[in-house]
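K.L.:
Below is the structure I would like to discuss, written out as structure tokens.
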Amino acid sequence: MIIFGTGSSTIQPQKLNTGDCPYCKTENSMWVQGYKKYVHIFWIPFFPIGKKVYTVCEHCKGVFEKKEIQNQKLLQSFEDFKINNVKTPWHHFIGLIILTLLIVFIIIVPIIK
Ligand SMILES: [Zn+2]
């Protein structure tokens with residue numbers, strides 16, 4: 001029996017330098033946070049399957065996805081954040097790394113012998 005499913009890990013929240021809240025209009029109150037999803041087999045992460053990133057207002061706690069952002073400045077800083085900070089953590093690939101090592105081991109070891 002193979003036990004598999006999906007898990008997720010949180011992306012470290014970060015405050016944006018610019019941008020007003022689309023709802024309460026508070027200046028410079030926006031944070032970006034989100035999570036990354038991965039497929040696991042026997043609770044070992046194998047590969048990433050997607051991410052979700054959104055902005056949160058520290059004043060009204062409103063959550064806004066990219067499509068809900070009309071403010072160009074906020075949209076720009078959100079885009080910059082996504083490009084710079086949303087990297088997949090290496091441990092989301094640990095299953096693939098183990099699998100690769102195992103295959104290399106199985107192929108290489110009989111050759112050396
Ligand atoms: Zn707000």
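K.L.:
Read through the list (1) over 17 Å from THR10 (Cβ atoms); (2) touching a Gly at 6+ places or on another chain (Cβ under 9 Å); (3) without any contact (Cβ under 8 Å) to a residue 24 or more places away in the chain, then give the number of the only condition that ILE97 fails.
P.N.:
Every listed condition holds for ILE97 apart from (2).
K.L.:
Scan (1) β-branched (Val, Ile, Thr); (2) within 15 Å of THR10 (Cβ to Cβ); (3) open to solvent by 40 Å² or more (accessible area, probe 1.4 Å) for the single condition VAL56 breaks and write down its number.
P.N.:
Here VAL56 meets the rest and fails (3).
K.L.:
Could I ask something else about it? For the stretch 46-104, what are the residues that are of a type in the set (Lys, Arg) and either farther than 14 Å from LYS36 by Cβ or touching a helix residue (DSSP H, G or I) at 6+ places or on another chain (Cβ under 6 Å) (or both)?
P.N.:
Kept after step one, since they are of a type in the set (Lys, Arg), are these residues of the stretch 46-104: 51-52, 61, 66-67, 73, 82, 87.
Result: LYS61, LYS66, LYS67, LYS73.
K.L.:
Of the residues that sit in the stretch 8-51 and are within 13 Å of the ligand (Cβ to nearest atom) and assigned to a strand (DSSP E or B), which one is surrounded by the most Cβ atoms within 10 Å (Cβ to Cβ)?
P.N.:
As a first pass, look at the stretch 8-51 and keep what is within 13 Å of the ligand (Cβ to nearest atom): 16, 19-31.
Going one step further and asking which of them are assigned to a strand (DSSP E or B), we end up with 20, 27, 30-31.
Values: ASP20: 16, GLU27: 10, MET30: 28, TRP31: 15.
Restricting to residues being within 13 Å of the ligand (Cβ to nearest atom) and assigned to a strand (DSSP E or B), the top hit is MET30.
K.L.:
Let me confirm something: among LYS61, LYS87, which residue is open to solvent by 70 Å² or more (accessible area, probe 1.4 Å), within 16 Å of the ligand (Cβ to nearest atom) and not in a strand (DSSP E or B)? Show your work before the answer.
P.N.:
Details: LYS87 fails: within 16 Å of the ligand (Cβ to nearest atom).
Only one candidate qualifies: LYS61.
K.L.:
Let me ask something additional. Whether any residue in the stretch 66-73 is part of a loop (DSSP other than H, G, I, E, B) and under 30 Å from GLY95 (Cα atoms) is what I want to check. Break it down into steps so the answer makes sense when it comes.
P.N.:
So in the stretch 66-73, the residues part of a loop (DSSP other than H, G, I, E, B) come out as 69-71.
Narrowing further to those that are under 30 Å from GLY95 (Cα atoms): none.
No, the stretch 66-73 contains no residue that is part of a loop (DSSP other than H, G, I, E, B) and under 30 Å from GLY95 (Cα atoms).
K.L.:
Follow-up. Could you check GLU79 against (1) acidic (Asp, Glu); (2) at pLDDT below 90; (3) within 14 Å of the ligand (Cβ to nearest atom) and say which number it fails?
P.N.:
(3)
The values are calculated or read from the model by the stated rules, or taken from the named source; none is laboratory data. This is a predicted model, so every value here is computed, not measured. No Cβ is skipped: glycine too gets one built from the backbone with ideal geometry, and neighbour counts run over all protein chains shown. The protein model used for the area step is the full one, side chains on, heavy atoms only, and it has no ligands, DNA or RNA in it. Shrake-Rupley method; radii C 1.70, N 1.55, O 1.52, S 1.80 Å.
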